[in-house]
Amino acid sequence: MPLLRVDRLSLVYGATDVVTDLTFQVEPRQRLGIVGANGSGKSSLLKAISGELTPAGGSLALAARARTAYLAQELEAGPHESVYADALHSRPDIIRLRERLTGLEAAMTGAAGSELGALVEEYGDVQHEYERLDGYAYDNRVAEVLHGVGLTESDQQLPPKALSGGQRRRLALARLLLQDADLFLLDEPTNHLDLEAIEWLEGFLRLSRAGMLIVSHDRRFLEHTADDILELQAGAGEWYPGNYRQYLRLRRERRAVRQKEYEAQQEYIARTEEFIRRYKAGQRAREARGRQTKLDRLARVAPPADDEQIRIRLRASSTSELIFQSDGLRLGYGKRDLLTTPAFTISAGERVAIVGPNGSGKTSLLKALLGELRPRSGRVKTGPRVTMRYYDQHLADLDPNKTVLTELQDAFGLPEETLRTFLGRLLFSGDDAFKTIRSLSGGEKSRVALAKLMLDDAGLLLLDEPTNHLDIPAQEMLEEALQDFEGTIVFVSHDRYFIDAIATTLWVVEDGALTMHLGNYSDFERRRQRAARPVATREPGVPSRDRSRKGTAASLAGTSLNGVEDRIDQLEAEVARIEAELADHQTYDDPARVAELAQAHEDAAGRLRALYQEWEQAAGA
């Protein structure tokens, strides 16, 4: 029996048909990822299933007694006195039983005889139900979930109204996860979560017994949580078995097959029409009429729908070889120290990703590099001829009272006709150019901010969460543009797919300190896993040549693994030596030496990445 059955569903938003004739079903414990461009109907589908939106046609059917829990994008503060109390009331059934037990305990204090016996019997029944719902462990579970989504003990004492937008979303996510629901409806669950919370959530959902519909633009999250993918495009839905990575492969294959089928049919139609045109009035007119009849009845194959994608191209002005250099920084606000960094150097062409928990100082570090935040100690030296452009995750540099067109005109002074043609590349068509910034969605505001990056030619980009609000097609276009960008990039992101596509170096903020690592996020994860891997030890008194044949394969695999690890250790030490020399400001007195070290660093990075892959294969053997 399916948990959810959707049959020929149609949804209308305003005067627009967003979903037409959609049919699919979700089985118990199945996790379905839903993808598609902004405006394709993903959120509307969840609202329809939750009962917030009435379908224009078709039907939605939940299994008997199935309970749903819905995480919407737009949230309101809870009514309780604290975050913890608000989360605690996620399970009103447990709270009611708890209050009844307390009431019965008070009543039994002054009762006697048959009255006491009846109260004791009722107390036993209520306690049995309370234990069945795991009520005695519920408080610990609330604390675990709140901590998991990143709400600290001090956060938990605040009233919900005092929370920021990001914290409010974390609380809403915690409330949903605490509910004993059969079907989770999750609309962008990773919004406002840092990497640690995202990875905790992935583990939590994998262990959950609930079925799920997950709308997300976080590709790595979908890869780790979804069993199947439903793509919404041009009002229709298409089902793909497997996670996000398998979806990408199958989608390419299906589109290629459909394109060939379409081209083959178009060729057949053209040949047939030419035959009909040539012989419709001659001796073969009857045959021509027969072919026309067949052609009229032919079911036409549609070509694959074109992806409506933004087009991004970023220009870079030339800069000096040295971009930033520092002997180390200490950043903070008021009496609070936020972050300390070791000495560092960033050279032209590097792509540095900064990762860490929310509130750990990542944005502050960008502001220090930008020159907008004065460090408590240390300083940043910026190389000559370095021009930079900053992308604010909150889009605060956009004037809400201006139109899209005037925002760009005032910044760059280009003619209206030129800018309107340019805005078409970012999917602002017609009168969209005259919308005020205030009226735009988050994704549209992000596209205006990207337009400002495209119209500039800074050699250095400082980007704070650039993929926020962007749908997956827009993220992919931004990745391609940044990969082709010839300048230097320093960026903050929680998007692991994006980090892997762009970063050559990872700066990790933990416990108020920053450490630097070669490679991208997956490289960093491999190093962490390798460091956490237990070291195999030989039993005392048993020489290696006396090991049993049963252990020979494992012994050889361990020998191979140890050899790879030894080479990794040596290469990591070499990389650390190169980076230490590059961090020394005296190195830059010799431009030839800088070029030599930069090439050595690039070569070592490639060899180290290959060794990491070899280690993974040996570890899995």
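If you go through segment 324-334 one residue at a time, do you hit one that is farther than 30 Å from residue 481 by Cα and either of a type in the set (Ser, Thr, Tyr) or surrounded by fewer than 11 Cβ atoms within 10 Å (Cβ to Cβ) (or both)?
Yes.
Just one of 254, 315 is charged (D, E, K, R) and in contact (Cβ under 8 Å) with a residue 60 or more places away in the chain; which is it? If you could, list the steps in order and put the result at the bottom.
Values: 254 fails: in contact (Cβ under 8 Å) with a residue 60 or more places away in the chain.
The unique qualifying residue is 315.
If you take the residues in segment 345-389 that are among the hydroxyl-bearing types (Ser, Thr, Tyr) and out of contact with any Asp or Glu (no Cβ under 9 Å at 6 or more places or on another chain), which one is farthest from residue 503 (Cα to Cα)?
377
Please enumerate the residues belonging to segment 482-512 that are of a type in the set (Phe, Trp, Tyr) and free of Cβ contacts under 8 Å to residues at least 60 places away in the same chain.
If the condition is that a residue be of a type in the set (Phe, Trp, Tyr) and free of Cβ contacts under 8 Å to residues at least 60 places away in the same chain, then 498 is the only one that fits.
Being under 25 Å from residue 39 (Cβ atoms) and crowded, with 22+ Cβ neighbours inside 10 Å is the filter here, so list the residues in segment 473-502 that pass it.
474, 478, 493, 494, 495, 497, 498
Please state which of the following conditions residue 130 fails to meet, knowing it meets all the rest: (1) crowded, with 17+ Cβ neighbours inside 10 Å; (2) outside any loop (DSSP other than H, G, I, E, B); (3) touching a residue at least 60 places away in the same chain (Cβ under 8 Å).
(3)
Just the residues that are surrounded by 12 or more Cβ atoms within 10 Å (Cβ to Cβ), under 24 Å from the mean Cα position of the chain (by Cα) and not aliphatic (A, V, I, L, M), please, taken from segment 250-259.
Of everything in segment 250-259, just one residue is surrounded by 12 or more Cβ atoms within 10 Å (Cβ to Cβ), under 24 Å from the mean Cα position of the chain (by Cα) and not aliphatic (A, V, I, L, M), namely 251.
Have a look at 279, 247 and point out the one that is touching a residue at least 12 places away in the same chain (Cβ under 8 Å) and hydroxyl-bearing (Ser, Thr, Tyr).
247 is the lone residue from the list that is touching a residue at least 12 places away in the same chain (Cβ under 8 Å) and hydroxyl-bearing (Ser, Thr, Tyr).
For residue 145, state whether it is at pLDDT below 90, within 29 Å of residue 205 (Cβ to Cβ) and crowded, with 16+ Cβ neighbours inside 10 Å.
For residue 145, the condition - at pLDDT below 90, within 29 Å of residue 205 (Cβ to Cβ) and crowded, with 16+ Cβ neighbours inside 10 Å - is not met.
Just to verify a result, which residue in segment 388-423, among those that are of a type in the set (Lys, Arg) and without any contact (Cβ under 8 Å) to a residue 40 or more places away in the chain, is farthest from residue 311 (Cα to Cα)? Steps first, answer last, please.
Pass one, segment 388-423, residues of a type in the set (Lys, Arg): 389, 402, 420.
Still in the running and without any contact (Cβ under 8 Å) to a residue 40 or more places away in the chain: 402, 420.
Values: 402: 23, 420: 14 Å.
Among residues in segment 388-423 that are of a type in the set (Lys, Arg) and without any contact (Cβ under 8 Å) to a residue 40 or more places away in the chain, the one farthest from residue 311 (Cα to Cα) is 402.
Residue 206 - would you say it is within 17 Å of the chain's Cα centre (by Cα), farther than 30 Å from residue 394 by Cβ and surrounded by fewer than 21 Cβ atoms within 10 Å (Cβ to Cβ)?
On the way: within 17 Å of the chain's Cα centre (by Cα): yes; farther than 30 Å from residue 394 by Cβ: yes; surrounded by fewer than 21 Cβ atoms within 10 Å (Cβ to Cβ): yes.
When the stated conditions are applied, residue 206 passes them.
Quick one: residue 505 ticks every box in (1) crowded, with 19+ Cβ neighbours inside 10 Å; (2) touching a helix residue (DSSP H, G or I) at 6+ places or on another chain (Cβ under 7 Å); (3) at pLDDT 80 or above bar one, so which box is it?
Here residue 505 clears every test but (2).
Has segment 368-387 got at least one residue that is in contact with a helix residue (DSSP H, G or I) (Cβ under 8 Å, 6 or more places away or on another chain) and touching a residue at least 60 places away in the same chain (Cβ under 8 Å)?
yes
Assuming residue 200 fulfils every condition listed in (1) crowded, with 19+ Cβ neighbours inside 10 Å; (2) touching a Gly at 6+ places or on another chain (Cβ under 6 Å) apart from one, which condition is it?
(1)
Pairs please, first residue from segment 457-481 and within 15 Å of residue 500 (Cβ to Cβ), second anywhere and among the acidic types (Asp, Glu) and part of a helix (DSSP H, G or I), Cβ atoms under 9 Å, 6+ apart in sequence or on different chains.
Short answer, once both residue conditions are applied: 467/479.
Please determine whether any residue of segment 339-346 is loosely packed, with under 14 Cβ neighbours inside 10 Å and either β-branched (Val, Ile, Thr) or touching a helix residue (DSSP H, G or I) at 6+ places or on another chain (Cβ under 6 Å) (or both).
no
If you go through segment 287-307, how many residues are farther than 18 Å from residue 264 by Cβ and of a type outside the set (D, E, K, R)?
Within segment 287-307, residues that are farther than 18 Å from residue 264 by Cβ and of a type outside the set (D, E, K, R) number 5.
Select from segment 89-100 the residues that are surrounded by 15 or more Cβ atoms within 10 Å (Cβ to Cβ) and either of a type in the set (D, E, K, R) or farther than 23 Å from residue 171 by Cβ (or both) and list them in ascending order.
The answer is 91, 97, 98, 100.
Which members of segment 164-188 meet the condition of being closer than 24 Å to residue 510 by Cβ and either surrounded by 18 or more Cβ atoms within 10 Å (Cβ to Cβ) or not small (Gly, Ala, Ser) (or both)?
Residues satisfying the conditions are 167, 169, 170, 173, 174.
At pLDDT 90 or above, β-branched (Val, Ile, Thr) and in contact with a helix residue (DSSP H, G or I) (Cβ under 9 Å, 6 or more places away or on another chain) - does that describe any residue in segment 511-527?
no
The values are calculated or read from the model by the stated rules, or taken from the named source; none is laboratory data. Worth saying up front: this structure is predicted, and the values here are computed from it rather than measured. Cβ: placed from backbone, ideal geometry, glycine included. Neighbour counts: every protein chain shown.
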